[in-house]
Amino acid sequence: MTSRQDLPLKTDIAARFVPKIVALMVYLGTLSFVFTLFLIESTFSWEKQLKTHLSIEIPTFPGTSPDALEGRVVEMLSKTPGVQTAQPVSQSEMKSLFQSIFGQEVNPDIMSLPIVIDVSLNGQEKVDPETLIALLKNISPYIHLVDHRIWQAQVFRVIQTTVIIASVITLLILCAALTITTFATRTSLLIHRQVIEVLSLIGAPSSYIAKQFQFNALKQGFIASSFGSLFAFFTFFGMATLLEKAELFSIAQSVFFFDSLFVFFLIPLLTSLSMMISARWAVMRELRP
């Protein structure tokens, strides 16, 4: 591709406003795309950490034998098809849990803490909660079962919807940038129409004229998208630092943060190449006989 410019494309009106708009769109699109990747990565990590599908709560009353009830429930669960593990939560963990809820020290002698059994399913055989509740009620009518799969599925659907919306926004931003490139190229064709006619009269083929526009679009797109991607990186790094200080996410120390750096480097290349192809397509379409 030649770097010689027979057309004064750097001085027309398109050269003044296209880079600014492309930089802004790359900034927004990059943030949206990285946010989408973060949601996908967080969803996979969250699913791997979800090991408790059901929780069984056994209230303890004076005159009852909690250990006997716990043993009967665990034995029944071990014989239930589809149940992988049934792990009772230790009383020390229960004490810490109630302490975090009430904000003060909990005395087990005064407050009778319930017995909680975390149940994980193997996913190979379907477990009917109603049938399981009926079996548990035969052991004690006060046993309560909590199905975590309901809210887990709701959260997963919300994350999926958010990922789809963010992906659509990213795609729309990319399409808008390419559309602006196409219209800016057509505007430049009208502005330099007389020069293009002279070049055509002296034997310059359409491909030669298209190279003038595509090289200019490649250069403008790379510079503008580099600025947009750089500002997006600073924004992302600032948000990651704030979230880490708030102890919400450790993005800056995670593998995802370093993987996302590849996106910030790749976006300017893809954007500039897309703008180059869009400019060439627009020129060849207008100049074809």
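Give, in nm to one decimal, the length gained when the segment between Phe237 and Asn122 is fully stretched (0.36 nm per residue of separation minus the Cα-Cα distance).
Numbers: separation 115, 0.36 × 115 = 41.40 nm, distance 3.92 nm.
Fully extending the segment from Phe237 to Asn122 adds 37.5 nm.
Using a basic spin-label model with each label point 7 Å from the Cα along Cα→Cβ, how many nm lie between Leu24 and Ser45?
Inter-label distance under the simple model: 3.3 nm.
Among 221-227, 172-178, how do they line up by average Cβ neighbours within 10 Å per residue, starting with the highest?
Numbers: 221-227: 21.7, 172-178: 17.9.
In descending order of packing, they fall as 221-227, 172-178.
Quick note: the coordinates plus some simple rules give every number you see, no bench work behind them. The model shown is predicted, which means the values in this text are computed figures rather than measured ones. Methodologically, a virtual Cβ is constructed for each residue, glycine included, from the backbone with ideal geometry; neighbour enumeration extends over all protein chains shown.
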